[in-house]
Amino acid sequence: MPVKPDRAPLADRPAHAGTALLVIDMISTWDFVDAEKIVRAAVAIAPRIGALKRRCVRAGVPVIYVNDNRGRWRSEFRELVRVSIAESAAGAAIAKHLQPEDDDYSVLKPKHSAFYATPLDLLLRHLRATRLLISGVASDQCIVMSAAEARMRDYDVVVPSDCIADQTPARTARALRHLREAHAIATTPSARLRMTARRRAPAVG
């Protein structure tokens, strides 16, 4: 699909180094079926995703929250954030590290993949992003499906091994192995990801 970002831009600036960070399904009240099996792992990875996010922001890499719409097409992302903090101790603990900022983007998704029936691909094109860092939950569902579809759309993909979680460490290990072996997706730990600094515009006068 042809895209002309300059004609009707959806983003105010291009992604630095063509890179964008996706944070998938980390904003939640954690009250769904089997949530108790994954919530502790989600809380554990939140500080690491938060640290990666701060590095991205400093480097000029845009952050996109891709979140389940809780089955409600009347959902609004900022309201989901408010409810997750107000109604869930785990949601509040995660938000302490991953509170969305004014410059962050958000996309609501109806199914597992971040791309299915969402405007994510269009937003990424307007950001001129070609490389995605994918974080969040759950490793063998939304993360695998989003990463595989990103590769299908010809994005370069990295899934930092310490920034995804599932109901058990074994399920995350299997998902990471599948990403590496079946899709040739890098799973470099977040601390080892290189983030080039954004150049500042020269002073005038």
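The values are calculated or read from the model by the stated rules, or taken from the named source; none is laboratory data. Bear in mind the structure is a predicted one, so any value in this text is a computation, not a measurement. Because the Cβ atoms are built from the backbone with ideal geometry, glycine has one as well, and the counts that use them run over all protein chains shown. To get the accessible areas, we keep the full protein, side chains included, count just its heavy atoms, and leave off ligands, DNA and RNA. Shrake-Rupley method; radii C 1.70, N 1.55, O 1.52, S 1.80 Å.
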Count of lysine pairs in the chain with Cα atoms under 25 Å apart, counting only pairs 8 or more residues apart in sequence or on different chains?
-> 8
Pairwise label distance in nanometres, Asp154 with Ala86, each label 7 Å out on the Cα-Cβ vector | 4.5
Rounded to a whole %, the carbon-and-sulfur portion of the accessible area of the chain at a 1.4 Å probe is 52
Determine the shape class of segment 92-203: with a ≥ b ≥ c the square roots of the Cα gyration tensor eigenvalues, call it rounded for a/c under 1.5, and otherwise prolate if a/b is greater than b/c, oblate otherwise.
-> rounded
With labels modelled as points extended 7 Å from the Cα through the Cβ direction, what inter-label distance (nm, one decimal) is found for Ala117 paired with Ala170?
-> 3.4
Expressed per residue, the solvent accessible area of segment 24-96 in Å² (1.4 Å probe) is about 50
Where a ≥ b ≥ c are root eigenvalues of the Cα gyration tensor, a/c under 1.5 meaning rounded, otherwise prolate if a/b exceeds b/c and oblate otherwise, segment 65-137 counts as prolate
Please find, in a Gaussian network model of the chain (springs between Cα atoms separated by less than 10 Å), the residue of Asp156, Asp12, Asp68 whose mean-square fluctuation is greatest.
-> Asp12
Picking from Val63, Val39, Val83, which is most flexible by a Gaussian network model of the chain using Cα springs under 10 Å?
-> Val83
Hey, what did segment 127-186 get for relative contact order, percent, Cα under 8 Å, at least 6 apart?
-> 39
Would you mind getting me the FRET efficiency between Leu193 and Asp34? Use the beta-carbon distance for r and R0 = 25 Å, nearest 0.05.
-> 0.25
For the chain, return all DSSP H helices satisfying: extent of Cα atoms along own axis at least 18 Å; mean Kyte-Doolittle hydropathy at least -0.5.
-> 39-59
For the pair Arg54 and Arg13, how long in nm is the line joining their label points, each one 7 Å along Cα→Cβ?
-> 2.0
What FRET efficiency do you get for Ala44 and Glu79 if R0 is 22 Å and r is their Cβ-Cβ distance, rounded to the nearest 0.05?
-> 0.25
Select from Phe32, Phe77, Phe115 the residue whose mean-square fluctuation is largest in a Gaussian network model of the chain (Cα-Cα springs shorter than 10 Å).
-> Phe32
On the formula 1/(1 + (r/R0)^6), with r taken between the Cβ atoms of Ala186 and Asp102 and R0 of 30 Å, the FRET efficiency rounded to 0.05 is 0.45
Let a ≥ b ≥ c be the square roots of the eigenvalues of the Cα gyration tensor of the chain; is it rounded (a/c under 1.5), or, if not, prolate (a/b larger than b/c) or oblate?
-> rounded
So what is the relative contact order for the chain, in percent, with contacts set as C-alpha pairs under 8 Å and at least six apart?
-> 28
Do the sum for the chain: with -39,500 (n - 2.57) for every DSSP H run of n ≥ 4, divided by all residues, what is the mean residue ellipticity at 222 nm, to the nearest 500 deg cm²/dmol?
-> -11000 deg cm²/dmol
